[in-house]
Amino acid sequence: MRRKIVAGNWKMNTMPAEGVELAKAVAAKRHEAGSNVELIVCPPFTHLSEVVKVTRGTGVAVGAQNCAAEEKGAYTGEVSAAMLASLGVEYVILGHSERREYYGETSETLNRKMAMAYANKLVPIYCVGEKLAEREAGKHFDVVGAQLREVVFNLTTEQFAHLIVAYEPVWAIGTGKTATSEQAEEIHAFIRKILAEKFGEAAENTPILYGGSCKPSNAPELFAKSDVDGGLIGGAALDADSFLGIAKAF
């Protein structure tokens, strides 16, 4: 039975005090989601320390939105995986489409970040996905396959056992286009097939999250698909009731 996971990526939203209140609200209603679903909140770096404190022991885990590719040193503005782990952070989002698009993150960069995450016992939520032009050109399988092979295939079997993959249909975010549950299942099944090329039956245990516009209204249909194991939630994660409403879809 694969893990069911709903993770909230707050992106660059909320002030620290607001973030703490949001985390408290999620923790207070954690029971509504049921014990079969894991909840993760990923606030901005500035909130992490306090959010870890208010969620400790509540069944809500904390993740970071990124980490440095280096261990330590003269890297102004960077935050290392060791720093995150020292706060009690358990997860880290890597390879998000916004990091790839706006900050030029490549597979080479992400291989180093993955190594840093594992060295500090952080569980990566590794993001893959294609842009609109790539989807319309029928290259979505090629793009996603390359993003997996160039990074995930470099993991050891032990590291792979502690990986979460998130699929982002970049083409359906802010474009007015919508990914159907059938399209989500198709690409999730493809991702699992690619992972199995390298890791065999272990790929059956890898949670694959859907990172499109997931809301309480469409979560039940998405989560009913056999290869969709949860969601990496953006805007809907900024409201506790909405976030928990998605988790309740299981």
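At-a-glance table
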quantity	calculated
Residue list for region 174-210, filter: out of contact with any Pro (no Cβ under 9 Å at 6 or more places or on another chain), part of a helix (DSSP H, G or I) and within 21 Å of G8 (Cα to Cα)	S181, E185, H188
Subset of region 85-139 [part of a loop (DSSP other than H, G, I, E, B) and either touching a residue at least 60 places away in the same chain (Cβ under 8 Å) or of a type in the set (K, R) (or both)]	H96, K121, G129, K131, K139
Leading residue by the ranking (surrounded by the fewest Cβ atoms within 10 Å (Cβ to Cβ)) among those in region 140-173 that are of a type in the set (V, I, T) and assigned to a strand (DSSP E or B)	I164
Criterion: surrounded by fewer than 23 Cβ atoms within 10 Å (Cβ to Cβ), farther than 17 Å from A237 by Cα, β-branched (V, I, T) and modelled with pLDDT of 95 or more - qualifying residue of T109, T14	T109
Some residue of region 30-37 being surrounded by 15 or more Cβ atoms within 10 Å (Cβ to Cβ), free of Cβ contacts under 8 Å to residues at least 60 places away in the same chain and in contact with a helix residue (DSSP H, G or I) (Cβ under 7 Å, 6 or more places away or on another chain)	no
Selection from region 185-233 of residues that are under 13 Å from Y167 (Cα atoms) and touching a residue at least 60 places away in the same chain (Cβ under 8 Å)	I191, T206, P207, L209, G211, D229, G230, G231, L232, I233
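The values are calculated or read from the model by the stated rules, or taken from the named source; none is laboratory data. Just so we're clear, the structure is a prediction, and the values are computed from it rather than from any experiment. Neighbour counts are summed over all protein chains in view; Cβ atoms, including those assigned to glycine, are modelled from backbone coordinates with ideal geometry.
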